[in-house]
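The values are calculated or read from the model by the stated rules, or taken from the named source; none is laboratory data. Because the structure is predicted, anything quoted here is derived from the model rather than measured. Every residue, glycine as well, gets a Cβ built from its backbone with ideal geometry; the counts of neighbours run over all protein chains shown.
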Amino acid sequence: MNVVLITIISLGALGTLAAIILYFVAQKFKVFEDPRIDQVEEALPAANCGGCGFPGCRAFAEAMVKADDISDLNCPVGGADTMSAAAAILGKEVEAAAPMVAVVRCNGTCENRPRITNYDGATSCTIASSLYGGDTGCSYGCYGLGECVDACAFDAMYMDEKTGLPVIIEDNCVSCGACVDACPKNIIELRKKGPKSRRIYVSCVNKDKGAPAKKACSVACISCKKCQKACPFEAITIDNNLAYIDYEKCKLCRKCVTECPTNAIHELNFPPKKPKVEKPAPEAAE
């Protein structure tokens with residue numbers, strides 16, 4: 001018999017045998033995947049931002065399908081509508097999570113926090129923070145190099161050239177947390193958006209004592225505790241010479257704002273306070 005023909009028949013037989021073996025191996029080790037994962041993934045916004053705590057929408061969909069209770073899971077980009085649609089696919093209900101938004105907890109503008117050195121290195125906050133404490137007397141504040149802006153995939157931030165600080169575009173922010181993770185100084189925080197987008201927070205992360213903090217930045221928190229004493233809801237704590245307002249406890253009464261001697265507490269989207277009208281003193285009886 002022709003050698004070429006024998007070779008072809010032998011290779012064909014080996015290929016068929018290998019295919020049969022691979023088929024049975026594939027059946028043996030086949031992993032069943034719940035078809036609802038694809039359905040939930042289609043309901044998600046496909047942002048793959050990681051704001052949900054998982055490395056992409058596919059992983060989040062898998063977590064939702066496998067979880068017995070999805071109340072702790074949330075897609076910040078899609079919001080309540082997306083979570084309701086995904087929960088409906090699974091035959092579950094989920095409470096709408098309070099919308100969050102990023103806030104910049106630093107008000108160390110060029111006016112408030114004078115520059116004492118000139119940084120001429122790589123334009124990266126991470127690199128700069130590993131090399132030195134910053135170009136001002138405050139080693140806790142913003143470097144102003146825009147790493148958070150570069151991390152934002154939703155055009156929700158920009159650097160203000162006048163102040164040297166990042167600015168959050170509230171309407172674009174999806175609270176994915178990318179800017180929070182990107183900031184090496186931990187000055188960006190996700191907070192509840194609040195009713196009518198009203199929020200109150202301490203715009204300072206300086207943990208130095210009062211005098212050094214005030215010397216480095218005119219609007220630094222000096223841990224005077226006046227805000228804490230003024231708060232009727234115990235929403236303010238002082239830790240490491242720094243005040244912090246718990247947005248879960250804060251009722252937006254604004255009493256702390258007027259008490260702060262350095263204007264370190266910021267109030268956003270509130271109407272201006274009405275000036276107090278002094279009542280005339282009663283006339284003395286004749």
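Is it the case that the stretch 196-209 has a residue that's in the same structural domain as residue 159 (by TED's automatic domain parsing), aliphatic (A, V, I, L, M) and at pLDDT below 95?
No, the stretch 196-209 contains no residue that is in the same structural domain as residue 159 (by TED's automatic domain parsing), aliphatic (A, V, I, L, M) and at pLDDT below 95.
With respect to the conditions (1) of a type in the set (A, V, I, L, M, F, W, C); (2) touching a Leu at 6+ places or on another chain (Cβ under 8 Å); (3) at pLDDT 95 or above, residue 149 lacks only one, and its number is (2). The criterion of being touching an Asp or Glu at 6+ places or on another chain (Cβ under 7 Å) and at pLDDT 95 or above does not hold for residue 229.
In the stretch 8-26, is there at least one residue being over 23 Å from residue 152 (Cα atoms), touching an Asp or Glu at 6+ places or on another chain (Cβ under 8 Å) and outside the structural domain of residue 191 (by TED's automatic domain parsing)? Reasoning before the result, please.
Taking the stretch 8-26 as the starting set, the residues that turn out to be over 23 Å from residue 152 (Cα atoms) are 8-26.
From what is left, the residues that are touching an Asp or Glu at 6+ places or on another chain (Cβ under 8 Å) are none.
Checking the stretch 8-26: not a single residue is over 23 Å from residue 152 (Cα atoms), touching an Asp or Glu at 6+ places or on another chain (Cβ under 8 Å) and outside the structural domain of residue 191 (by TED's automatic domain parsing).
From the list 97, 128, the one residue that fits, being farther than 19 Å from residue 206 by Cα and of a type in the set (A, V, I, L, M, F, W, C), is 97. In the stretch 124-236, counting only helices (runs of 4 or more DSSP H) that sit wholly within it, the ones holding 2 or more residues that are touching a residue at least 40 places away in the same chain (Cβ under 8 Å) and more than 22 Å from residue 263 (Cα to Cα) span 125-131, 178-182.
Checking 138, 152, 173 one by one, the residue that is crowded, with 21+ Cβ neighbours inside 10 Å and under 19 Å from residue 218 (Cα atoms) is 138 and no other.
Can you find a residue that is buried (at least 16 other Cβ atoms within 10 Å of the Cβ), out of contact with any Leu (no Cβ under 8 Å at 6 or more places or on another chain) and closer than 14 Å to residue 185 by Cβ anywhere in the stretch 74-81? No, every residue in the stretch 74-81 fails to be buried (at least 16 other Cβ atoms within 10 Å of the Cβ), out of contact with any Leu (no Cβ under 8 Å at 6 or more places or on another chain) and closer than 14 Å to residue 185 by Cβ. How many residues, within the stretch 68-98, are under 15 Å from residue 35 (Cα atoms) and either of a type in the set (Gly, Ala, Ser) or touching a Pro at 6+ places or on another chain (Cβ under 6 Å) (or both)? Here the count works out to 4. Using the structure shown, decide if residue 160 is buried (at least 20 other Cβ atoms within 10 Å of the Cβ), closer than 18 Å to residue 107 by Cα and not hydrophobic (A, V, I, L, M, F, W, C). Taking the combined requirement at face value, the residue does not satisfy it.
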